[in-house]
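The values are calculated or read from the model by the stated rules, or taken from the named source; none is laboratory data. None of the values given here were measured: they were computed from a predicted structure. Methodologically, a virtual Cβ is constructed for each residue, glycine included, from the backbone with ideal geometry; neighbour enumeration extends over all protein chains shown. Surface areas here come from the heavy atoms of the whole protein model, side chains and all, with no ligands, DNA or RNA. Shrake-Rupley method; radii C 1.70, N 1.55, O 1.52, S 1.80 Å.
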Amino acid sequence: MAKARKTSSMLEVEQHGTLGVGCGWEAPRLVAQCEDEARPGYATKKAHEYHDTKATLVLKVKQLADLVRQSRNCIVYSGAGISTASGIGDYATKAKKSLDARPKLRSPVDALPTKAHRVLVQMHARGMLKKWINQNHDGLPQKAGLPQEAMNEIHGAWYDPTNPVVKMSGELRDDLFDDLCHWENTADLCLALGTSLCGMNADRLATTPAEKAASAAPTTPPTLGTVIITLQQTQYDSDCQLRIYAPLDKVFVMLAEELGLDTAGLDRSPALYEPQPGAARVAQDVFEVPYDSDGKLCPGTKSRLNLRADQPIRLTSGPHAGATGVVSGKNAQGHYNLRVDLAVKKGSKVKHPVSMRLGLWYVTAAANGALAEIPVVNYKIP
């Protein structure tokens, strides 16, 4: 760690969150100074980086573990900071001596899940985490084993051809926004991880639980609030219930130990995702799934989903619903590559092929009938 300086400019509540006021916790140290704004043009702070002292971090993680144990509807709201340890870049890191070390990748799609991703997936498997709303497009939670039905990729996804990445000025997909609003109102605890919380519509996932927890009118069951974990300051640090300044991988390894989760394999490189279609697999890359010809869930129905190379596919929903193409093979991690014909511009009859991907986790979800709709179906070429 770089030589740290004491923090004097932050209020105590900004250093620790409301639960830490009056606890006597040490202030976080300034470990990387940068006068640039973290997210220019948004409600942002300077890109300085801070780190809690060792003793205070231990106390904060114990407090975090206690909140997780109390929670009945814990959600994660994650930003780019959770994926930087995998090698994927972010917008907010600006400091030259940043603590946010990251490996080099040939391509972002080569990234593997971080320790934080893997611990969170364990938490979901234990019933400690109910929903993950991800601003990132990278599929790393699913690569770590999170079921697709527990994920909301609100800003778009690299591995779902029906959910293309949303531009900053774009509109959120209606069904994903409805799901976001449901969890905004249902969550009793939000873990805001690696996000600068600079004013995105989806930031309500963090602000609403914090406001409910701080309200004089108690909720039933009680709302525990919001935990913010980043190296940089955010505009909501004084509103959250617990504020932690430390790398996410470090925090979640410590949290795993507190919660009694498996930490033995966290220092090893994660295995590639393997789909679990069970009896639904009838041949290599061919599956029988309970969906109709339009990709809608239809219990009792069995249709073939053939994802072998050169098989024709049709997108079932999203902005390119009805677009057709073929499976063009697999990438190095085994996910399906698609080549889909899209109009060169809206209303044009001229089309050009566009490369897309389908994550292997959709095979697992389709086999289990876990989604209301699957992204692709086969069709017969006229």
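Between Arg308 and Ala321, the contour length at 0.36 nm per residue exceeds the alpha carbon distance by 2.6 nm. Dividing the Cα radius of gyration of region 128-203 by its Kirkwood radius returns 0.92 for Rg/Rh. Measuring nothing but how far apart in sequence close Cα pairs (under 8 Å, 6+ apart) lie, relative to its length, region 11-91 scores a relative contact order of 20 percent.
So what is the relative contact order of the chain, in percent, for Cα pairs below 8 Å that sit 6 or more residues apart? Don't jump to the answer; show the numbers that get you there.
Values: 825 pairs, mean separation 64.8, N = 382.
Computed over the chain, the figure is 17 percent.
Once the Cα-Cα distance is subtracted from the 0.36 nm per residue extended length, the Arg126 to Ala283 segment shows a gain of 53.3 nm. Legend: calculated FRET efficiency, Tyr42 to Lys380, from the Cβ-Cβ distance at R0 = 51 Å, rounded to 0.05, equals 0.60. Between the helical axis of 174-186 and the dominant principal axis of the chain, each derived from Cα atoms, what acute angle in degrees is found, rounded to the nearest 10? Helix 174-186 and the main axis of the chain meet at about 40 degrees. Beyond 32 Å in Cα-Cα separation lie the following of the pairs Lys45/Lys131; Lys46/Lys104; Lys45/Lys346; Lys131/Lys302: Lys45/Lys346. Per-residue accessible area (protein heavy atoms, 1.4 Å probe) orders Thr226, Thr18 as Thr18, Thr226, starting from the largest.
Sketch the reach of a paramagnetic label on Asp294 as a point 7 Å from Cα along Cα-to-Cβ, and name the residues of region 301-321 whose backbone nitrogen lies under 18 Å away. Taking a point 7 Å out along Cα→Cβ of Asp294, the residues of region 301-321 whose backbone N falls under 18 Å are 301-304, 314-321.
Please give the FRET efficiency for Arg339 paired with Asn201, using the beta carbon to beta carbon distance and R0 = 35 Å, rounded to the nearest 0.05.
On the way: r = 33 Å, r/R0 = 0.93.
Calculated value: 0.60.
Among beta bridges from DSSP that stay inside the chain, the antiparallel ones total about 65%.
Using a Förster radius of 22 Å, what is the FRET efficiency between Lys104 and Ala271 based on their Cβ-Cβ separation? Nearest 0.05, please. Working shown, then result.
Working: r = 21 Å, r/R0 = 0.97.
With a Förster radius of 22 Å, E is 0.55.
Going by average Cβ neighbours within 10 Å, how do the peptides 268-281, 122-135 rank, with the highest at the top?
Details: 268-281: 14.0, 122-135: 19.6.
Packing order, densest peptide first, comes out as 122-135, 268-281.
Taken along the Cα-to-beta-carbon direction at a fixed 7 Å, the label points for Ala332 and Ala216 span 6.0 nm.
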